[in-house]
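The values are calculated or read from the model by the stated rules, or taken from the named source; none is laboratory data. What you see is a predicted model; the values in this text were computed from it and never measured. As a convention, Cβ positions derive from the backbone with ideal geometry for all residues, glycine included, and neighbour counts pool all protein chains shown. In case anyone asks, the SASA skips ligands and DNA or RNA and just uses the protein heavy atoms, side chains included. Shrake-Rupley method; radii C 1.70, N 1.55, O 1.52, S 1.80 Å.
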Amino acid sequence: MATTAQDVRLIALSLPDSTEKLAWGMPTFRVGGKIFVSLADDDSTIGVKCPKEDRAELIAAEPEKFFLRAGHDDNYAWIRVRLAAVTNEAELRSILTDSWLQAAPKRLIAAHPELSGAAG
């Protein structure tokens, strides 16, 4: 079963100090004022933080799941995820937690060591 925008919202907001805020007409989820996930306006994809050096490998391994928006993501440490290709909550939680860990302040990460081992 594919994951949904509501699944994204529930998991993102369950992470410590996470908030939801509209930006560019789309829901974004933030920690420490930094966006760690954005939901596309059609609710079918999300954008998450991802080190630039890891993106090509992820896309090559699972092109049906991961992609870049040409001309938009080139200069940013972000990757897009097709929700229909994320088949379970555990995988979605891992993707969102990994993005949260890249955006969260170090003191917040230190206060939640259980999350550092949870990301995939």
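Structure notes:
- Residue match in region 89-98 (condition: open to solvent by less than 70 Å² (accessible area, probe 1.4 Å) and touching a Pro at 6+ places or on another chain (Cβ under 8 Å)): no
- Selection from region 72-111 of residues that are in a loop (DSSP other than H, G, I, E, B) and under 17 Å from L39 (Cβ atoms): H72, D73, Y76, V86
- Applying the set (1) touching a residue at least 60 places away in the same chain (Cβ under 8 Å); (2) touching a strand residue (DSSP E or B) at 6+ places or on another chain (Cβ under 6 Å) to D41 leaves exactly one unmet item: (1).
- Cβ-Cβ contacts under 6 Å between residues 6 or more apart (or on different chains), taken from a first residue in region 76-102 that is within 12 Å of F66 (Cβ to Cβ) and touching a residue at least 60 places away in the same chain (Cβ under 8 Å) to a second residue that is among the aromatic types (F, W, Y) and not in a helix (DSSP H, G or I), are absent.
- Looking across T87, T97, one residue alone is more than 12 Å from the chain's Cα centre (by Cα) and within 23 Å of L115 (Cβ to Cβ). It is T87.
- Scanning region 8-30 for residues being of a type in the set (D, E, K, R) and open to solvent by 70 Å² or more (accessible area, probe 1.4 Å) gives a total of 3.
- Qualifying residue in region 10-24 (condition: modelled with pLDDT under 95 and not aliphatic (A, V, I, L, M)): yes
- Condition met for D43 (charged (D, E, K, R) and within 20 Å of T87 (Cα to Cα)): yes
- Restricting region 61-83 to residues that are open to solvent by 80 Å² or more (accessible area, probe 1.4 Å) and at pLDDT 95 or above, the residue that is farthest from S44 (Cα to Cα): E64
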